[in-house]
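As structure tokens, the structure follows; a few thoughts come after it.
The values are calculated or read from the model by the stated rules, or taken from the named source; none is laboratory data. All values derive from a computational prediction rather than experimental measurement. Note that we place each Cβ from the backbone using ideal geometry, even for glycine, and neighbour counts take in every protein chain shown. Ligands, DNA and RNA are stripped out before the accessible areas are found, and what is left, the full protein with its side chains, is counted by its heavy atoms. Shrake-Rupley method; radii C 1.70, N 1.55, O 1.52, S 1.80 Å.
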Amino acid sequence: MEILKLHLKTELLTEHKTNRLYQQWQALLDSLGDKKISAETAGIINQEVEAINSTSLKDKSLQNLLKVKQTFILKLLEKNEKLVPKNHYRNLWLAAGMAAFGIPLGVIFGISFGNMGFLGIGLPIGMSIGIAVGASMDKKAQTENRQLDVEIKY
């Protein structure tokens, strides 16, 4: 099934951020053209694209609509097709590494040195561990051809 393209009127894309989100959407849809996805997933994506194409929202409202729809599509692709954008796992594991590894390591440092001011030492260590784990998962997704050729930035 063919994936539809976005066709918003240029007068709706007045703000820089809205235009950047629109270009990001275009890149996402272009990268989906190279991947094999199920007809059911393609149908849902086409419904979302049609909803965006038929909107008359501007500025912040349009930005919010684009973000919400893009997040929905990315979650759908990850769940149904196991497709993820570039650096998806790195960004996900960065925060998880800080929470799961960084805080406990910081508490250990703080208790062992008798000064809870050392709690902050664990956060960059956990961040580094999270980035390393996420980067390896991104590399694995790329070798398995599960990575979309677009990086999502909000």
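Of the residues screened, residue 144 is one that is open to solvent by 70 Å² or more (accessible area, probe 1.4 Å), closer than 30 Å to residue 6 by Cβ and of a type outside the set (Ser, Thr, Tyr). Please work out if residue 105 is within 29 Å of residue 137 (Cβ to Cβ), free of Cβ contacts under 8 Å to residues at least 40 places away in the same chain and surrounded by 18 or more Cβ atoms within 10 Å (Cβ to Cβ). When the stated conditions are applied, residue 105 passes them. How about the range 14-48: which of its residues are more than 26 Å from residue 59 (Cα to Cα) and not in a helix (DSSP H, G or I)? Result: 33, 34, 35, 36, 37, 38.
Would a scan of the range 41-62 turn up a residue that is within 16 Å of residue 148 (Cβ to Cβ), of a type in the set (A, V, I, L, M) and either in contact with a strand residue (DSSP E or B) (Cβ under 8 Å, 6 or more places away or on another chain) or at pLDDT below 90 (or both)? No: the range 41-62 contains no residue that is within 16 Å of residue 148 (Cβ to Cβ), of a type in the set (A, V, I, L, M) and either in contact with a strand residue (DSSP E or B) (Cβ under 8 Å, 6 or more places away or on another chain) or at pLDDT below 90 (or both).
Among the residues making up the range 114-134, a single one is among the aliphatic types (A, V, I, L, M) and open to solvent by less than 50 Å² (accessible area, probe 1.4 Å): 133. Annotation note: of 67, 82, 86, the sole residue that is touching a strand residue (DSSP E or B) at 6+ places or on another chain (Cβ under 9 Å), open to solvent by 40 Å² or more (accessible area, probe 1.4 Å) and not hydroxyl-bearing (Ser, Thr, Tyr) is 86. Only residues that are of a type in the set (S, T, N, Q) and either touching a residue at least 24 places away in the same chain (Cβ under 8 Å) or in contact with a helix residue (DSSP H, G or I) (Cβ under 6 Å, 6 or more places away or on another chain) (or both) were counted across the range 59-87, and they come to 4.
Sub-9 Å Cβ pairs linking a first residue in the range 1-25 that is of a type in the set (Asp, Glu) and loosely packed, with under 12 Cβ neighbours inside 10 Å to a second residue that is in a helix (DSSP H, G or I) and modelled with pLDDT of 90 or more, at least 6 apart or interchain, are 2/42; 2/46, ordered by first then second residue.
Quick check, is residue 56 touching a residue at least 40 places away in the same chain (Cβ under 8 Å), hydroxyl-bearing (Ser, Thr, Tyr) and open to solvent by 20 Å² or more (accessible area, probe 1.4 Å)? Taking the combined requirement at face value, the residue satisfies it.
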